[in-house]
Amino acid sequence: MSHKLFQLHKLDAIRCFRFYSTQWSSNSIRTTFIEYFKKYDHEYVHSSSVLPRKGDGTYFVNAGMNQFKSKFLGTVQSDSYFYDMKRVVNSQKCIRVGGKHNDLDEVGQDFRHHTFFEMLGSWSFGDYFKEEACFMAWDLLTNVYKIPPNRLYVTYFGGDAEMQIPPDLHCLEIWRNLGVPEDRIIPCGKIDNFWDMGETGPCGPCTEIHYDFIPDRNASHLVNVDDRTIIELWNLVFMQYNRQKDQKIVPLPQNHVDTGMGLERITAVLQGVTSNYDTDLFVPIFKEIASKSSTSLYNGTIGKDDIGGIDTAYRIVADHLRMATVAISDGLIPDRKDLGSKLRNVIFRAVNQSSNVLNLPQGSLSSLVYVIGDILEEGFPEIKKNIKQVAEVIDNTEEDYLKKKMIGQKCLHKAIQKFKPTESKLTCKQMIDIHEGNFGFTVSSDILHDICQEFGIDCEWGKIKLQQNDIMKLKDQNVELTDDSAKYDRTLIDKFSSSIVGIYKNENFIDKIKAEDEVCGLIMDKSCFYAESGGQVADLGLIKSRKGTFKVLDVQKTHDYVLHYGKIIDGEFSVNDEVECQLDFVGKDRRNSCSRAHTATHIINFALNKALGNVHQRGSYVDEDRLSFDFYCSKRKIRSEDLEEIESITNDILSKGYNVKVLNVPFKEAFDMEGVRMLQDEDYPSTVRLVTVGKNIDCEELKNGLAEEYSVELCGGTHVENTRQIDDIVITNIEGQAQGLKRLIAVTGQAASEARINAASLLERYSKLQKFVLINKDVEAIEKERSDVLKSLFHGPTLPKITRDEVKKMLEELQHTVINKLKKEGRVTSFFKKIKDLVNAANSSEKPFAAGELEYRNARDVVKILADKEYNKPIFIFSKSKRPNNPQQCVCYVPQHHKWFTAREISHEICTAVKGEWRIPNKHDRRQLIFVLNFDTTCTDKAIEVVEEICRNKGRNIYR
């Protein structure tokens, strides 16, 4: 059955919106709002970052008032930018993913939910109050935006006996005086019309203005009853009370006003549409998607009317890319923890919908970023400044997801062959087996869930983390917090006594669990396991009792309760059982590797600051295989000389055998120490661990500035005792080579030693290649060997980045020698002529592309030749191989400004049809120029048919 609002959207659009003008773009709506309040002496304050400031919690900024919290609390410093402000207006970037306000699961299912939205806001700090606030809101809506008053309703706080607060009759009288009819002024309770900042602090009644999508009626009885034809447009909060610790509510010494109106909603109203997604904030994104998708155009349907979930996918992709673009431009990158993991999850969801439902070629999502930057540029110019970096991060994350998904599909296929599930269902235990790598590779839970959903497999998947309601249950049962201080004592990880205080299964706490129940979580009074935090992965091991054995697969800490998640190997467990915790052989090896890598991140942080200066850490990730370190740096490009200096500093520290010392100090004391490194947005406890790498130094020496001479950081991770235990540190890559956020990737210990051995082997191989070039006249043999060496740079064993860059540069110089030999032999001139003949043949037949078979051995030669000239139509050159077992190659060239498709898109389409693979030649535009395809030799005709069909369809595929 069609949704009520969807029926309105399709049938009543003209009748409902006949009074509106087309003048209202989203930009003009935002500008008008700001200019209106500036006319009434409000000072414009630009939007803060969507990332929380230090001490503001661990969720995204989700309301306009966040940056003004100190004004409401009366804690603003006298030197603060906000100190003298009385009236403020702005448009705040907001994200709702996680926490109390989490719209992620709702996005795409209706026309109004978003992960990212703009909040138009106005504030009064101890200046005007209710009368002026109501007047300005009503005047702007009815006299400036020209919304008919008979389409609006207002609510006010109707009082609450329990809180002993009477109805807000003053607000009622104000609306009467502004001419609002009595039957359109509605009293509501505290759920809808009383606002508070938290359990304590400023609070007060609010009044809301609601809009009716259907004209010529009075539907006041539908206000605040979740009817989709009436929406809340603007909320005006009057902070006149303070809730004390004893929950007593007393008047504030000063009254404040905080109002907020969502730009997406007011834009839908003023542009005459019922859906936020039909506004100019989203339509250009849909057009870009449609130009690249082989599915149908966006039709604005929901529920059962949305055949195949195509419109839902449009909404999810557009919304999630808006959120990701804003978050990345503010400095966040996808990660496995904290806000970075939420961003990663959002991008993964977008990639899943774009590839599975919309059939978008890989790389299409980054093109949406540029469209989003254009839409939001006027309100937030900072997004456009960082747009190339944002697109790069999106591309890399998409590639990461698709690679992981391909691996996951293979693992799932093996698992299904083994388990042979009935009714297409996998149990929680079977999902865990796949997840932990028993079928070749580990598969993350979110990707595994996506794959199962794609193949129609029902899967059980328990929660790994305790949620807020779980914490409340534990506290109600007086369960003590977990003491996990033993995780830092290396002598206790072999055998540590504890007792079970909670068993967590299927979102509930139970008293007993047997082997047949298998997967669950155990909470103990004490633990020696390290829970995932600070970028370091969790410990693995065993928990044993007299009655059973439990394998620990993950450890998570929430509000100081440590949940050990895993499966029962044998026996049973009950609450109050005495148990022994231990890191098994694999667990110890993992812990030692993580400790080496974690100390290495501190040394790298120190070395980066010494070598580059003014480096700010944004996060890190540490597991048993490698480490990554995210940082801001004003230097645009990190050169080989910089890397040599960084590695020189790190290796000097390792060779000197510095002790790694941990001091427990008050946070305030550590904060005041000059040179101590800490994360800007981290919410640190009152007592922190100060990790020093250098000579044995105490707090007094640190206070005197010695911290600048050594590595001194706040950290809750595990570390080695001496830097010699790290053995070696090798930097393998630097991502984000542009001004702003960068990611350094490195390996330590045995992996670092192997990387240096690989480097020596590669240099020796290149030396032999040089000699081979001098004595050999066979150009094809030289190029084959050169290509093999080049391939090993990116698809071979781990290498130091310095060596990779050095060899890559030498190979590029060597390629010029090869090309020059080809030119001398006349091969290049001959090839140009053959290509020209292909194009001329296509022109004479008026074909929109040129295609044919030419004899060549290496696609790189063809790529180089095509890149040297400009052609007016797409060219597809298939290799004419004399050996039937050789894979067919095709070089795909598309002109820079071609309107129908890019090289990336057409390559993806061909490979899908002929079950081939495609790659991007180095040093060519990833979106527009040249791709190389490999597939079976029998599929050439099929590939050409695909090109012809796409050319026909793309020529007609114009977004309506």
Seminar exercise, completed: The value for segment 373-510 (convex hull of the alpha-carbon atoms, volume per residue, Å³) is 240
Exercise. Given Cα pairs under 8 Å that are at least 6 residues apart, what percent is the relative contact order of segment 295-397?
Worked result: 28
Problem set entry | segment 468-583: mean projected area of Cα convex hull, nm² | 6.5
For this session: Hey, can you find the accessible area per residue of segment 468-583 for me, probe 1.4 Å, expressed in square angstrom?
Result: 45
Exercise. Where does each of 104-111, 744-751 land if you order them by average Cβ count within 10 Å, highest first?
Worked result: 744-751, 104-111
Seminar exercise, completed: From the cross-link list 418/487; 791/847; 342/495; 342/791; 637/791, the entries with a Cα-Cα span beyond 26 Å are 418/487; 791/847; 342/495; 342/791
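For the ranges 307-315, 399-407, 348-356, what's the packing order if you count other beta-carbon atoms within 10 Å of each residue, average per peptide, and put the highest first?
Working: 307-315: 19.8, 399-407: 16.2, 348-356: 22.9.
For the peptides 307-315, 399-407, 348-356, the packing ranking is 348-356, 307-315, 399-407.
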Problem set entry | Surface accessible to a 1.4 Å probe, per residue, for the residues of segment 708-770, Å² | 41
For this session: Would you grab the residues whose amide H sits under 5 Å from the one on residue 519? Only those 5+ places off in sequence or on another chain, please, with H modelled 1.01 Å from N.
Result: 568
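What percentage of the solvent-accessible surface of segment 272-362, computed with a 1.4 Å probe over protein heavy atoms, is contributed by carbon and sulfur atoms?
For segment 272-362, the apolar C and S fraction of the accessible surface comes to 48 percent.
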Problem set entry | Accessible-area ranking of 494, 160, 941, largest first, probe 1.4 Å | 941, 494, 160
Problem set entry | Accessible area of residue 833 in the full protein assembly, 1.4 Å probe (Å², nearest 10) | 130
Exercise. Segment 385-442 to segment 515-549: how many Å between their Cα centroids?
Worked result: 24
Problem set entry | For segment 304-313, 3J(HN,Hα) per residue [Karplus equation, 6.51 cos²θ - 1.76 cosθ + 1.60, θ = phi - 60°, Hz, x = Gly/Pro] | 5, 6, 8, 5, x, x, 5, 5, 4, 5
Seminar exercise, completed: Here the equivalent ellipsoid of segment 637-692, derived from its Cα gyration tensor, has semi-axes (largest first, whole Å) of 29, 17, 8
Seminar exercise, completed: For residue 252, the residues 5 or more places away or on another chain with a placed amide H closer than 5 Å to its own amide H are 241, 242
For this session: Using label points projected 7 Å from each Cα along Cα→Cβ, tell me how many nm separate residue 162 and residue 143, to one decimal.
Result: 4.1
Problem set entry | Ranking by accessible area, most exposed first, for 322, 344 with a 1.4 Å probe | 344, 322
For this session: Kindly rank 116-126, 472-482, 381-391 from highest to lowest mean number of other beta carbons found within 10 Å of each residue.
Result: 116-126, 381-391, 472-482
Problem set entry | Accessible surface ranking that places the most exposed of 298, 632 first, with a 1.4 angstrom probe | 632, 298
For this session: State the extension gain, in nm to one decimal, for the chain segment bounded by residue 406 and residue 131, taking 0.36 nm per residue of separation less the distance between their alpha-carbons.
Result: 92.9 nm
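Could you please state how large a percent of the accessible area of segment 100-244 is carbon and sulfur, counting protein chains only and using a 1.4 Å probe? If you can, show how the numbers build up before the last one.
Values: 2640 of 5720 Å².
Answer for segment 100-244 is 46 percent, counting heavy atoms of protein chains only.
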Seminar exercise, completed: Per the rule of 0.36 nm per residue minus the C-alpha distance, extending residue 86 to residue 546 adds in nm 158.8 nm
For this session: With a probe of 1.4 Å, find how much accessible area segment 292-410 has per residue, and write the answer as a whole number in Å².
Result: 32
Exercise. Tell me, what HN-Hα J-couplings in whole Hz come from the Karplus equation 6.51 cos²θ - 1.76 cosθ + 1.60 at θ = phi - 60° for each residue of segment 763-768, using x for Gly and Pro?
Worked result: 5, 5, 5, 5, 4, 5
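The values are calculated or read from the model by the stated rules, or taken from the named source; none is laboratory data. Here the structure is a predicted model, which means the values were calculated and not measured. Here Cβ is always computed from backbone atoms with ideal geometry, including for glycine, and neighbour counts include all displayed protein chains. Keep in mind that these areas ignore ligands, DNA and RNA; they rest on the heavy atoms of the full protein, side chains included. Shrake-Rupley method; radii C 1.70, N 1.55, O 1.52, S 1.80 Å.
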